[in-house]
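Here is the structure we will look at.
All of the numbers you see were taken from the coordinates with simple rules; none came from a lab. Bear in mind that the values here come from a model prediction, so they are computed numbers and not experimental data. Ideal geometry is used to build each Cβ from the backbone, glycine not excepted, and the neighbour counts take in all protein chains shown.
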Amino acid sequence: MRTPIIAGNWKMNKTIAEARDLVNGMRDDLARLAAGAKIEIVLCPPFLAIPEVATLVKNTPIRVGAQNVHWETKGAFTGEIAAPMLKDVCEYVIIGHSERRQYFGETDESVNKKIKTALTHHLKPIVCVGENLVQNESGQTEAFVGGQVRAAFKDISRDDARGIVIAYEPIWAIGTGKAASGTGANAVIGRTIRGALAALYDVATAQQVRVQYGGSVTPKNATEFFTQLEIDGALVGGASLAAADFAAICKAAVK
Ligand code: PGA
């Protein structure tokens, strides 16, 4: 049994004061939903708001995550944040989001390095993979996404792999209002992502890794994803910025 995990990726939104308001507007609902341990809920604010959010959800089952981490642990890397800095205030970290790959030059290789550093410092990676529209329409999804999974998990042990969360986020569905279909996402996750994990490790490991769907998830379509056998929750962007919407999506995940 895999515990569904719903993560809110706030991206570059919310000042510290706005973050406080957002958390205060949903904390009690989220804490109640996560209390039965039937689902895990993670908030991923921008770096600056993380300590404030971590303080606000202390003593609740709500978890906190970062949106990025550098692969080195300290040094001359202006503007970057290292895993030991995050460890005190975060449990999770999103790695390899398509926006980071697209706008900030992240590669399969840097993603793999970041995952290893996160694991070393006991941060749980949420690793993003997903194909673009051209790849999707030309039948390359399986080869591309499978390749991303194999590259991300390169030289990662079976034990470590089991603790990694994967977010399947087709790029064409992110922020577009055009979500994948539940059955379509389920097929890619089951066949391509779990297939790649089974080939790298074994079927049991492939069945143990949690795989979220991400891309235009809303309170309206959330149930379509959460009722799919292979999908273990969601990585939510836009809809995680409104307290009522995010709480409604989390509620849909409590089966
Ligand atoms: P979206 O973003 O929910 O706004 O489509 C998802 C993501 O990028 O993680």
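Side notes on the structure shown:
- R0 of 30 Å, Cβ-Cβ distance Ala35-Lys220: FRET efficiency to nearest 0.05: 0.75
- Two-site label geometry, Asn132 and Lys58: point separation in nm, points 7 Å out along Cα→Cβ: 4.4
- Nonlocal amide H pairs with Ala234, under 5 Å, H built at 1.01 Å: Ile5, Ile6, Ala7, Tyr213
- Range in the chain, longest, excluding exposed chymotrypsin sites (Phe, Trp or Tyr not before Pro) [loop by DSSP; at most 12 other beta-carbon atoms within 10 Å]: 105-255
- Trypsin sites (Lys or Arg not before Pro) lying in DSSP loop within region 22-89, provided at most 13 other Cβ fall within 10 Å: Lys38, Lys58, Lys74
- For Glu18, net neighbour charge (Lys/Arg +1, Asp/Glu -1) across residues whose Cβ lies under 15 Å away: +2
- At 1.567 mPa s and 4 °C, Stokes diffusion of region 111-255 via Kirkwood alpha-carbon radius, µm² per second: 84
- Two-decimal Rg/Rh across the chain, once Rg and the Kirkwood Rh are taken from alpha-carbon atoms: 0.93
- Whole-percent P(r), region 198-253, all Cα pairs, 5 Å bins from 0: 4, 20, 26, 18, 11, 9, 7, 3, 0.
- Fewest neighbouring Cβ atoms within 10 Å first, the residues Leu119, Leu229, Leu22, Leu43 line up as Leu229, Leu119, Leu22, Leu43.
- Cα-based reach from Lys38 at 23 Å (exclusive), listing lysines while leaving out same-chain residues under 8 positions away: Lys58, Lys124, Lys220, Lys251, Lys255
- Principal axis extents of the Cα atoms in region 148-229, from largest to smallest and rounded to whole angstrom, are 37, 22, 18.
- Taking every DSSP helix (H) stretch of at least 4 residues in the chain, weighting each as -39,500 (n - 2.57) and dividing the sum by the residue count yields a mean residue ellipticity at 222 nm of -11500 deg cm²/dmol.
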